[in-house]
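Notes follow the structure.
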Amino acid sequence: MDYVQFKFGSGTTQFYFDYKFSHLKKIVDPKSAILITDENIFRVHNHLFKNWNTIVLKSGESFKIQPTVDTLIGKMIEMAADRKTTLVGVGGGVITDITGYAASVYMRGIPFGFVPTSLLAMVDASIGGKNGIDVGVYKNMVGTIRQPSFILHDYSLLKELPQNEWENGFAEIIKHACIKNAAMFKELEDYTLEKYQQKKSALCSLVRRNALIKIKVVQKDEFEKGDRRLLNFGH
């Protein structure tokens, strides 16, 4: 387990690398938190949500739109969410985007954090404070830049990840290596994805190093006026 916090212009984020999901209750009080997830994650990891207030959304990029946010906020109102409520997005990039965006606009801003469940979300989507939704064919056209209070990595959640999602995350890792870390790029030439899947210590190290690459870029250029544009390489 590795705990570290990083300061950004708009806030500080606590990172919990290689922690179990059960540690979440030590970060936020279940009585004042609402977990946001999607149907697929809820089906696969149903036991994790026991004794937590939970809102389950439809799965997929096509639902990363304002009507979904409206539905979410309506349910939050029904659950009497207030400024002391913490939203926790448990899922991939779609869920982290929706959760961060809803938390940023609800009552002019409430705390939020993430438990990413995909490799791509762990190394990219959950980090950096970009929270957006799509408008028609325009991706992430509406959104905010606001940092999560915390991000918790439980690598056991990746066990149920489809192979294509592993590959999506690995592609982002290769991109990070291309733009910021030649030594990592050489390592990726020598290792296969399967080796990281089979060896937890190697995976933990790789994810942490990739997270740090993005963290350092965002710390220098949170609002994407310069260096952060490098992270769009390959998009």
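Scoring D97 on the criteria (1) crowded, with 24+ Cβ neighbours inside 10 Å; (2) among the acidic types (D, E); (3) more than 19 Å from the chain's Cα centre (by Cα) leaves a single failure, condition (3).
Looking at the range 1-107, the helices (runs of 4 or more DSSP H) lying wholly inside it that each contain 1 or more residues that are among the hydroxyl-bearing types (S, T, Y) and touching a residue at least 60 places away in the same chain (Cβ under 8 Å) sit at 66-78, 93-105.
Can you list the helices (runs of 4 or more DSSP H) found entirely within the range 119-228 that contain at least 3 residues being aliphatic (A, V, I, L, M)? Step through it out loud before you land on a result.
Numbers: elements: 163-180, 182-190, 193-198, 200-220.
Per the criteria, 163-180, 182-190, 200-220.
Quick one: which residue in T68, T13, T54, T37 is closer than 15 Å to F150 by Cα, modelled with pLDDT of 95 or more and either aliphatic (A, V, I, L, M) or surrounded by 13 or more Cβ atoms within 10 Å (Cβ to Cβ) (or both)? So that I can check it myself, show each step before the final result.
Details: T68 fails: closer than 15 Å to F150 by Cα; T54 fails: closer than 15 Å to F150 by Cα; T37 fails: closer than 15 Å to F150 by Cα.
Selected residue: T13, the only one of T68, T13, T54, T37 that is closer than 15 Å to F150 by Cα, modelled with pLDDT of 95 or more and either aliphatic (A, V, I, L, M) or surrounded by 13 or more Cβ atoms within 10 Å (Cβ to Cβ) (or both).
Looking only at residues that are in contact (Cβ under 8 Å) with a residue 40 or more places away in the chain and surrounded by 17 or more Cβ atoms within 10 Å (Cβ to Cβ) in the range 180-213, which one is farthest from F15 (Cα to Cα)? Explain how you work it out, then say what you get.
Narrowing the range 180-213 to residues in contact (Cβ under 8 Å) with a residue 40 or more places away in the chain: 180, 200, 203-204, 207-208, 210-211.
Still in the list and also surrounded by 17 or more Cβ atoms within 10 Å (Cβ to Cβ): 180, 203-204, 207-208, 210-211.
Details: K180: 21, L203: 16, C204: 13, V207: 12, R208: 10, N210: 13, A211: 10 Å.
Within the range 180-213, the match that is farthest from F15 (Cα to Cα) is K180.
Among residues of the range 121-142 that are at positive phi, those with a beta-carbon under 7 Å from a residue that is outside any helix (DSSP H, G or I) at least six positions away or on a different chain give the pairs G129/F8; G129/S10; G129/I145; G129/R146; G129/Q147; G129/E222; N140/G132; N140/D134.
The values are calculated or read from the model by the stated rules, or taken from the named source; none is laboratory data. Computed from a predicted model, the values in this text were never measured in an experiment. Positions of Cβ are generated from backbone atoms using ideal geometry, with glycine treated the same way; all protein chains shown enter the neighbour counts.
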